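Report on one structure; see the data block that follows.
Where a number appears in this text, it was derived from the coordinates with a stated rule and is not lab data. A quick note: this is a predicted structure, and the numbers were derived from the prediction, not measured. So basically every Cβ, Gly included, is an ideal-geometry build from the backbone, and we count neighbours across all protein chains shown.
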Amino acid sequence: MAQTLRRSLEDVLVDAVATALPPLAGLPQALADDLAEMTFLSDAELWEIARSTLPPEHHQKMDALLTRKGQGQLTANEHRTLDNLLDEYQTSILKRGQAAVLLQGRGYNMSDPAVLKTLS
């Protein structure tokens with residue numbers, strides 16, 4: 001195919017991967033790179049990411065800080081902590097979603113949310 005298009009194999013592959021991936025525009029470059037690189041992970045690695053969760057302490061701290069924010073009681077340090085926790089949460093959601101999209105592209109049925117529950 002590369003010969004037919006008179007392009008290098010690398011260019012054809014880069015275009016094919018870019019076309020197959022969901023758009024990652026608007027994200028910090030490091031995160032966009034991490035999400036794009038997930039394409040090369042094994043199915044088992046993608047399942048691990050898709051089923052990953054943040055520790056309960058993360059959610060508890062985030063909830064407590066959001067409550068304090070709603071009451072107008074956040075210190076500057078707590079505001080930075082909340083921003084970091086929210087960034088970690090959003091990154092986790094994006095990575096889990098990307099893993100699910102890639103698994104679906106590999107033929108797995110992702111229509112049932114139960115498949116994303118962690119295995120005990």
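For the stretch 43-120, which trypsin sites (Lys or Arg not before Pro) are in a loop by DSSP, counting at most 12 other Cβ atoms within 10 Å? Let's see the in-between values first.
Values: sites: ARG51, LYS61, ARG68, LYS69, ARG80, LYS95, ARG96, ARG106, LYS117; in loops: ARG51, ARG106, LYS117.
Answer by residue number: ARG106, LYS117.
Take the stretch 41-116, compute every pairwise Cα distance, and split them into 5 Å bins from 0; I just need the percent in each bin.
P(r) for the stretch 41-116, in whole percents per bin: 3, 15, 21, 17, 12, 11, 10, 7, 4, 1.
For GLU37 and SER111, FRET efficiency with R0 = 25 Å and r from the beta-carbon atoms, rounded to 0.05? Provide the component values of the computation, followed by the final result.
Details: r = 26 Å, r/R0 = 1.04.
Calculated transfer efficiency: 0.45.
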